[in-house]
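Notes to accompany the following structure.
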Amino acid sequence: MKRYMSAFCALALPAVSLPNLFAQGSQPSQPLDPTAQAPATPAPATPPTFPTTKAKPQSDRADVRVYVGTIVKEGDAYVLKAANEKYLLDGQKKAKDYKGKDVKVTGTLDKTRNLIHVEKIELSPSM
């Protein structure tokens, strides 16, 4: 009888303890804090890559500026007259549409030729 009792205890102990072991795994050991922050995730080891495209004029480049003045015709060319300066415009077809008007010209300046490489021309309020 002693032998049966030992065997019974040996089997009963794990049977009684087993549900408690599983219950502990599903319950948090500490109460949840709704204001607690999740641990930070590490940054990916390699930066994401983006498909390359043809270079487009970007107005956020450092050398792109906005020039304000009036488009006038000087000889065979349209120029931007701004204060005491005159700038030749490489976008002659665009400039022709704004002859005699106050404009904002966005582009890059070639200082050696005093030429603005035009990205866009917009009407400007009267100066």
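The values are calculated or read from the model by the stated rules, or taken from the named source; none is laboratory data. What you see is a predicted model; the values in this text were computed from it and never measured. Counting neighbours? That spans all protein chains shown, and the Cβs are built from the backbone with ideal geometry, glycine included. These accessible areas exclude ligands, DNA and RNA; they are computed on the full protein's heavy atoms, side chains included. Shrake-Rupley method; radii C 1.70, N 1.55, O 1.52, S 1.80 Å.
As a fraction of the 1.4 Å probe accessible area of segment 60-103, surface on carbon and sulfur atoms comes out at 46 percent.
Other residues whose C-beta falls under 13 angstrom from the C-beta of A82 contribute a net charge of +2, scoring Lys and Arg +1 and Asp and Glu -1. With a Förster radius of 35 Å applied to the beta-carbon distance between K96 and D63, the computed FRET efficiency rounds to 0.85. Between the amide H of S124 and those of D102, V103, K104, distances stay under 5 Å, these residues lying 5 or more places away or on another chain, with hydrogens modeled in the peptide plane.
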